[in-house]
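For reference, the structure discussed in these notes is given below.
The values are calculated or read from the model by the stated rules, or taken from the named source; none is laboratory data. On a predicted model such as this, the values are computed, not experimentally measured, just so you know. Reconstructed Cβ throughout: ideal geometry from the backbone, glycine too, with neighbour counts over all protein chains shown. Note: accessible area is taken over every heavy atom of the protein model, side chains too, but ligands, DNA and RNA are not part of it. Shrake-Rupley method; radii C 1.70, N 1.55, O 1.52, S 1.80 Å.
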Amino acid sequence: MTFRTRLLAGFGVVVLVPLAVFGLGIRREMSARLSAEYERRVAALTAVIRADVARQSDGIAARLAALKAALAADNAFRLALQGRDRGYMLDYAGDAMRLAGLDYLHVLDDEGRVLSSGQFRNEYDRPAPIPPLSGPALVRGRTAEGPFLALVRADSLRLPGWRFVLVGGTRVDSPFLARLARDPELAVSVVLPGDSVSVDSSGQVVAELPYVESAATRAGQAWLVVTQVHSLLAELRRNVNLWFAVAVLATALVALLVAGWLSTRFSRPVTQMEHRAALGDLARQVNHDIKNGLAPLRNVFRHFAQVAQGDPAKLPKVFAERQSTVESSLGYLETLAANYARLSPQANERPTDVNAVVREALRHATGADHAELRTELPDRLPLVRVDPLALRRVIENLLGNAVDSLGGKPGTVTIATEATGNGSVRLSVSDTGHGMTEAEQERAFDDFYTTKPGGTGLGLSIVRRLIMDSNGTLRVESAPGKGSKFVVELPAS
């Protein structure tokens, strides 16, 4: 054994072992103190959180009651129920949600299907989760950007010949949970049924709420839990010698992790790195553009909050002084949205012959050699007001899906049109393919959902958006082994 080896071994026995024993003793003592303090804070916070949730629930219920009274007196909505103004019905919940200051609003029929959605217009005619009417609940909502969690209340409304359920609420996100916590060293989170983290291991349960994932699932239970966000290092920093040892060990560990990360990153293909760099540039640009509009708004509303707390009487005057800043920032964000909107072509709606567009799409149909294409196109069909290019995209997507459902085997695809009795034109595309289960039908129009190898999962999602933008409806009728039928209804011009 060399002298250097013996020196290191002696140093470890004389210095490191006593230091480790001393550090473990301090850790044990600090752990006991922090545990007692944590339990005291959680006990104090539990009552506050429950009161806040109850107050939020009562506020949502009051706003729903006001919307319920307004809806009962709205003759335009009753006319929309009769099919006279579908656009009014589709936009109703969005306008009402913004006026009521809610983040989630559904008007459902007696079968639980969406008549009007405030957060996502394309939810029309889809089944939606119905929470219990007795109190607050958590539901999973959807927007064009993706799903979100909402604290909601539900209320029922009856009109002659109709029964509705109003479901409204507020978004449960990081700012909402931060407002519940109130203690900088504690955090509130939500544990849902099926989460990989169990309730017992995630923290202290402070509230329990009904949770409805979707229309196809029964109500379960979700939990609000409190966890500690500051570790023992906050207390261990008081001991300089021990903190120095921890800092040295942590620095060495971070250096090893960084070295491993760098070796892994630079061993990847250059194309992947360039792809991620491009995405990063795009994300930074979008982040920069949005922050430019939000920063002045944040400063203005902070100023409003300070004035409201210190001298509420001056709030109208301060609002008048800062109103131009608010309007300027909102104008910037609206211009930004308009610039992004120009990336997609604008709709060119005009009176259109559905049968002519069907024949045009059939002339350009490819890959249907094994399928027998049938048409049922009656003469003198009413014109519909729609973008012909968008309608052709709809027909081509539905036709392609019908042919694909045959799986390369002989079968029949039928395209039919007819005038309905409620002033609209119905277009249907049916096939004799493999059909769909109820679960597949529920997700058929979701973004990126596909059952085809190599499929993008965007075809039916795009079809639904194009139809909804034309104030039409789209539904699917299917059963395993019995084929599928997609039905489009468009208002006559």
Taking the range 466-484 and keeping residues open to solvent by 70 Å² or more (accessible area, probe 1.4 Å), in contact (Cβ under 8 Å) with a residue 40 or more places away in the chain and either out of contact with any Asp or Glu (no Cβ under 7 Å at 6 or more places or on another chain) or among the aromatic types (Phe, Trp, Tyr) (or both) leaves Asp469, Pro480, Lys482
Within the range 445-457, identify whether any single residue is under 19 Å from Val358 (Cβ atoms) and either open to solvent by 30 Å² or more (accessible area, probe 1.4 Å) or of a type outside the set (A, V, I, L, M, F, W, C) (or both), and answer yes or no.
no
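Looking at Glu145, Glu123, which is the one that is crowded, with 22+ Cβ neighbours inside 10 Å and under 15 Å from the mean Cα position of the chain (by Cα)?
Result of the check over Glu145, Glu123: Glu123.
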Could you pull out the residue among Val197, Val139, Val205, Val167 that is at pLDDT 80 or above and either over 16 Å from the mean Cα position of the chain (by Cα) or not β-branched (Val, Ile, Thr) (or both)?
Val167
Tally of residues being closer than 23 Å to Leu490 by Cα and open to solvent by less than 20 Å² (accessible area, probe 1.4 Å) across the range 388-405:
7
Return the residues of the range 72-118 that are among the polar types (S, T, N, Q) and buried (at least 22 other Cβ atoms within 10 Å of the Cβ); say none if nothing qualifies.
Ser116, Ser117
Flagged pairs (Cβ under 9 angstrom, 6 or more apart or on separate chains; first in the range 297-326, part of a helix (DSSP H, G or I); second open to solvent by less than 80 Å² (accessible area, probe 1.4 Å) and of a type in the set (Ser, Thr, Tyr)) are Leu297/Thr325; Leu297/Ser329; Asn299/Thr325; Val300/Thr325; Val300/Ser329
Qualifying residue in the range 360-377 (condition: of a type in the set (A, V, I, L, M, F, W, C), touching a helix residue (DSSP H, G or I) at 6+ places or on another chain (Cβ under 8 Å), open to solvent by 60 Å² or more (accessible area, probe 1.4 Å) and in contact (Cβ under 8 Å) with a residue 40 or more places away in the chain):
yes
Give the residues of the range 380-395 that are over 29 Å from the mean Cα position of the chain (by Cα) and under 13 Å from Arg359 (Cβ atoms), sorted by residue number.
Leu381, Pro388, Arg392
Pick from the range 317-336 the residues that are surrounded by 11 or more Cβ atoms within 10 Å (Cβ to Cβ) and among the aliphatic types (A, V, I, L, M): which of them is modelled with the highest pLDDT?
Val318
Say whether the condition of being of a type in the set (S, T, N, Q), over 30 Å from Glu123 (Cα atoms), at pLDDT 75 or above and surrounded by 14 or more Cβ atoms within 10 Å (Cβ to Cβ) is met by at least one residue in the range 56-71.
no
Conditions: (1) under 25 Å from Ala128 (Cα atoms); (2) at pLDDT below 90; (3) part of a helix (DSSP H, G or I). Phe448 meets all but one. Number of the miss?
(3)
Restricting attention to the range 82-91, does a residue exist that is farther than 29 Å from Glu208 by Cα and aliphatic (A, V, I, L, M)?
yes
Keeping to the range 468-485, report how many residues are part of a strand (DSSP E or B) and under 16 Å from Glu438 (Cβ atoms).
6
Test result for Gly408, part of a loop (DSSP other than H, G, I, E, B) and open to solvent by less than 20 Å² (accessible area, probe 1.4 Å):
no
